[in-house]
Amino acid sequence: MNYEPVIGMEVHVELNTKSKMFCRCSADYFGKEPNTHVCPVCLGLPGALPVPNKKALEYCMMIGLALGCKISEKSLFERKNYFYPDLPKGYQISQYRWPLCVDGWIEIAGRKIRINRAHQEEDTGKLNHRGNETMIDFNRSGVPLVEIVTEPDFRGVEEVRDYAKKLQQLFRYLGVSNADMEKGDMRLEANVSVRPELVEGLPNYRVELKNINSFRFMVAAIEYEIKRQISELEAGKKLTQETRGWNEQKKETYLQRSKEEAHDYRYFPEPDIPEISLQSSAIRLQQQMPELPWDKLARFQKQYGLTKQQAEILTESRELADFYEETVRDGADIKQAANYIINRKINIEEVLPAQVVISIKGTSMGIISDEESLKKLAKEAIAENPKAVEDFQKGKESVLQALIGTVMRKSSGKADASKVAEILLKYLRNV
Amino acid sequence: MNDLTSLTLTEVIESLKDKKFSLNELNKSYLERIRKLNPKLNAYLAVNDSCQKIPAAIKDVISTKDIITTASSKILANFVPPYDASVIKMLDTQGVGVIGKTNCDEFAMGSSGENSAYGPTKNPWNLNKVPGGSSSGSAAAVAADLCVFALGSDTGGSIRQPASLCGVVGLKPTYGRVSRYGLIAVTSSFDTIGPIIKSVDDAALVLEWISGEDKMDGNCYGKKFVRTPLRWTHNIRIGVPREYFGEGLDPKVKKVIQDAIKKLEELGAEIKEVSLPHSEYALAAYYIINTSEISSNLARFDGIRYGKSRDNFGEEVKRRIMLGTYALSSGYYDEYYVKAAKVRTLIKQDFEKAFEKCDVIVGPVSPTVAWNIGEKINDPLTMYLSDIYTISANLAGIPALSIPCGFVDRLPVGLQVLGKAWDEETILKVGFAYEQVTDWRKDKPKL
């Protein structure tokens, strides 16, 4: 008999807000001295109360909106009660019955994967084991988390891989998280079961793969689990609900908790936080949403006539996409610029778009490098952008690129970009 | 000055202005009196000898920076908070200091003060009687002149009932009027900090000091209460709920309350019978929400921090944690918690309806006067029933006042005045007018 996997994903993403979810402590905890980013609230001291971080709620809504979710009319926090040493209040403030965002979808490999919810919650502290001792670091306690839950719509590991990559790209596009897997910004859990092909409906069990902190291991664990479950079923065994972890040495999953040991989280409405209505901010956020990666991908193909593969590479990050479009605006040929950036693997941290334009156009175009002409163009560019000067002096160095762009346009892409940069810098610093 | 400690807060402020005595003298007198009487009363768990401000007694469930705060529990036996509750900060800016932390039922769970892990507080009027609870020490300290005023907390009557049983004034403000930041949570939906004081005017003053929006408490969005002269309004409509005068109310207490209502009528109030039809379900709903939230709120005392394991919880605390854990369990949640929440809404609506017909509602605070220490301690249900008239105000979130209105067998009786949400002003006006035409508060226990 042939089997097909049925997989649902739960993704936790840590938001990169300045402060924590329910207090004003800095949420930037990675690599910091333990227990230095703490206060009565995130330590759960007796009497302390949580007050929600509005920015985090906005970030959660942006994720929801990008995934086509509805923003709930009524959103409530709830308490998820369980004991663990890294959970100072004895409960996690989360959302269960009334999540902030519901009923969305994302396209993966040409299919719609339904998003059940994207809800807001808080991270826990961190246990550090040293020999026989366990130390608790509460710097991470209360850092905003968003949990995104799909329906069990995945039918293969490749789709899961695509999904995780797409989410990571989305978070970075939206600027809501660094989504760095190694730092634990983004954590994956999979619910895996298998069913005979052509059978409709969900299997009556599912195996949760949890606490697997690397993307590669997660993929390996799912692959292993699919094989394990099929062979169990073929051997006539019954599979039950359980939680399993991943043993990297043995390259196999292992039982962590069976159904009987499952938690009863005793959810109930968090009485310390009033009901939240965010309909109006949802409308505002919807209008301010940046172009989403998949929309940009489609546009690059349509507007610039790039191949799908080219467009995928160029829209991988928002910064690279902007870089490409800047070169085009500065007069580079659409195709040449795409090929140049892709083939030479241009490092956009080190190279300016204008330099790419020049390299493409080559010397044959007659580069303008005489000081006087360039100075004239630079002065004009500065005169046209008085705000840029002000911004530059306030420390916003990105305006330099904008001014170079102006000069390049004025010279139809013929100005020597590095010299222009030098001249502009001189002017900006001496103004 | 001998009777310095019997002055009300407003009198103390006047006297300090007139330089009749200094803050130093004031604190000295109180410390001396505490030293003399506290061994008898057990009202204070900790005394702050270095207080140099207007001395207030603070219930031990309110966090005080660098002053031990135990919630009268062994589990917090050595806990010294690193931060002040918002109310403590607010009082500090008004020149008020903490002279001591007062005894109470463990984690404010109880109606007699006997659930304290540090021994019961005694009623200043009769040392064999309970002072009521859970703000037992705060009420006893005010009644025995061991502080100028006190702060208590009221989750189901814990300010009003001990105030009533000790013959002092107690005010439970509207939920959301006073910040809970720093109040060790019992039932977050009901907990309210309020003053226990020697006069109604003092209640208004302390409420002005401690009320107002606080960014540290998401539920505290109410405006600051502004104290104005408490002038009696003629033709004020006073509702008397028939449900508060039925079975269970001691006939002698009933008589005292009825006399007080007559007095208000003589003052020109219009007395109307009103109905709060869902009152009989209040106790059940209250104890489901109360224990559910307790089971979660006390989870943080998990034996990892604070130095003590969970077997240090007392009987009543354990009982409520278990009841609440059960009520929230999957399969029971809808039957218990969700239903209780619906009853809560009905009780709120009862009051809204009643307040269409009247401006305030009056009735007893407690069905009996103070009872003997030990009398009800082994019968939790009888103990719970002693809160029957006070818990509805917490379910509805409305303000309520307890003022002395007489004695039964030389033990004080309190009159409860309940008001519309955010309308502390009217209940204070009624209380003030009543206080002006009676002498009850001038009666002091002989100690």
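Just wondering, is there one or more residues in the stretch B:345-359 that are buried (at least 16 other Cβ atoms within 10 Å of the Cβ) and either on the phi > 0 side of the Ramachandran plot or of a type in the set (Lys, Arg) (or both)? Yes: one or more hits. In the stretch B:85-105, the residue that is nearest to B:Ile13 (Cα to Cα) out of those that are outside any strand (DSSP E or B) and open to solvent by less than 10 Å² (accessible area, probe 1.4 Å) is B:Leu91.
A:Asp86 meets each of the listed conditions (1) away from every other protein chain (no Cβ under 11 Å); (2) in contact with a Leu (Cβ under 7 Å, 6 or more places away or on another chain) apart from (1).
For the stretch A:107-121, residues that are in contact with a Phe, Trp or Tyr (Cβ under 7 Å, 6 or more places away or on another chain) and either among the aliphatic types (A, V, I, L, M) or within 14 Å of chain B (Cβ to nearest Cβ) (or both) total 3.
For the stretch A:212-235, which residues satisfy the criterion of being more than 26 Å from A:Leu167 (Cα to Cα) and not in a helix (DSSP H, G or I)?
Across the stretch A:212-235, the qualifying residue is only A:Ala235.
Between a first residue in the stretch A:191-209 that is in a loop (DSSP other than H, G, I, E, B) and a second residue that is of a type in the set (Val, Ile, Thr), which pairs have beta carbons less than 6 Å apart while being 6 or more apart in sequence or on different chains? The qualifying pairs are A:Tyr205/A:Thr240. Filtered by the rule that a residue be without any contact (Cβ under 8 Å) to a residue 24 or more places away in the chain and away from every other protein chain (no Cβ under 14 Å), the stretch B:85-104 gives a lone residue, B:Thr93. Is it fair to say B:Leu401 is part of a strand (DSSP E or B) and either within 11 Å of chain A (Cβ to nearest Cβ) or touching a residue at least 60 places away in the same chain (Cβ under 8 Å) (or both)? In short, yes.
Every residue in the stretch B:241-266 that is open to solvent by less than 40 Å² (accessible area, probe 1.4 Å) and more than 14 Å from B:Phe351 (Cβ to Cβ), please. Before you say what the answer is, go through the steps one by one.
We begin by selecting, within the stretch B:241-266, every residue open to solvent by less than 40 Å² (accessible area, probe 1.4 Å); these are B:241, B:244-246, B:249, B:253, B:256-257, B:260-261, B:264.
Hits for the stretch B:241-266 are B:Phe245, B:Gly246, B:Leu249, B:Val253, B:Val256, B:Ile257, B:Ala260, B:Ile261, B:Leu264.
One residue alone among A:Ser373, A:Ser412 is farther than 20 Å from A:Ile346 by Cα, open to solvent by 60 Å² or more (accessible area, probe 1.4 Å) and either of a type in the set (Gly, Ala, Ser) or not assigned by TED's automatic domain parsing to the domain that holds A:Asn339 (or both), and that residue is A:Ser412.
Across the stretch A:1-22, the qualifying residues are those that are open to solvent by less than 20 Å² (accessible area, probe 1.4 Å) and either polar (S, T, N, Q) or part of a loop (DSSP other than H, G, I, E, B) (or both), and the one among them that is farthest from the other protein chains (Cβ to nearest Cβ) is A:Leu15.
Being away from chain B (no Cβ under 11 Å), in contact with a Pro (Cβ under 9 Å, 6 or more places away or on another chain) and under 30 Å from B:Leu328 (Cα atoms) is the requirement here; does A:Arg79 meet it? Spelling it out, it is not the case that A:Arg79 is away from chain B (no Cβ under 11 Å), in contact with a Pro (Cβ under 9 Å, 6 or more places away or on another chain) and under 30 Å from B:Leu328 (Cα atoms). Only one entry of B:Pro39, B:Pro82 meets the criterion of being open to solvent by 40 Å² or more (accessible area, probe 1.4 Å), within 11 Å of chain A (Cβ to nearest Cβ) and not small (Gly, Ala, Ser), and that entry is B:Pro82.
Taking the stretch B:52-77 as the search range and keeping residues that are farther than 18 Å from B:Ala141 by Cβ and out of contact with any Lys or Arg (no Cβ under 8 Å at 6 or more places or on another chain), which one is nearest to the other protein chains (Cβ to nearest Cβ)?
B:Ser63
In the stretch A:257-273 there is at least one residue matching the filter, namely being open to solvent by less than 70 Å² (accessible area, probe 1.4 Å), in the same structural domain as A:Tyr96 (by TED's automatic domain parsing), at pLDDT 95 or above and part of a strand (DSSP E or B). Residues in the stretch B:323-344 that are more than 10 Å from chain A (Cβ to nearest Cβ) and surrounded by fewer than 14 Cβ atoms within 10 Å (Cβ to Cβ): B:Asp334, B:Glu335, B:Lys342.
In the stretch B:286-312, of all residues being in contact with a Leu (Cβ under 7 Å, 6 or more places away or on another chain) and in contact (Cβ under 8 Å) with a residue 60 or more places away in the chain, the one that is farthest from the other protein chains (Cβ to nearest Cβ) corresponds to B:Tyr286.
Looking only at residues that are of a type in the set (Gly, Ala, Ser) and over 22 Å from A:Ser94 (Cβ atoms) in the stretch A:246-302, which one is nearest to the chain's Cα centre (by Cα)?
A:Ala298
Any residue at all in the stretch B:194-204 that's within 16 Å of B:Gly397 (Cα to Cα) and acidic (Asp, Glu)? No; the residues of the stretch B:194-204 include none that is within 16 Å of B:Gly397 (Cα to Cα) and acidic (Asp, Glu). Step by step: first the residues of the stretch B:360-373, then only those that are of a type in the set (S, T, N, Q) and in contact with a strand residue (DSSP E or B) (Cβ under 8 Å, 6 or more places away or on another chain), then the one that is most open to solvent (accessible area, probe 1.4 Å). Which residue is that? Filtering the stretch B:360-373 for residues that are of a type in the set (S, T, N, Q) and in contact with a strand residue (DSSP E or B) (Cβ under 8 Å, 6 or more places away or on another chain), the one most open to solvent (accessible area, probe 1.4 Å) comes out as B:Asn372.
The residues of the stretch B:8-24 that are exposed (fewer than 13 other Cβ atoms within 10 Å of the Cβ) and part of a helix (DSSP H, G or I), listed by number, are B:Glu14, B:Lys17, B:Asn24.
The set of residues in the stretch A:252-287 being more than 14 Å from chain B (Cβ to nearest Cβ) and in contact with a Phe, Trp or Tyr (Cβ under 7 Å, 6 or more places away or on another chain) consists of A:Glu252, A:Thr253. Summed over the stretch A:48-68, residues that are buried (at least 23 other Cβ atoms within 10 Å of the Cβ) and without any contact (Cβ under 8 Å) to a residue 60 or more places away in the chain total 2. Counting only strands (runs of 3 or more DSSP E) that sit wholly inside the stretch A:83-188, those with at least 3 residues that are open to solvent by less than 40 Å² (accessible area, probe 1.4 Å) and not small (Gly, Ala, Ser) are A:91-94, A:101-108, A:111-122, A:144-150.
The values are calculated or read from the model by the stated rules, or taken from the named source; none is laboratory data. This one's a predicted model, so the numbers in the text were calculated from it and none came from an experiment. Note: ideal-geometry Cβ built from the backbone for every residue, glycine included; neighbour counts use all protein chains shown. Areas reflect the complete protein model, heavy atoms only, side chains present, ligands, DNA and RNA absent. Shrake-Rupley method; radii C 1.70, N 1.55, O 1.52, S 1.80 Å.
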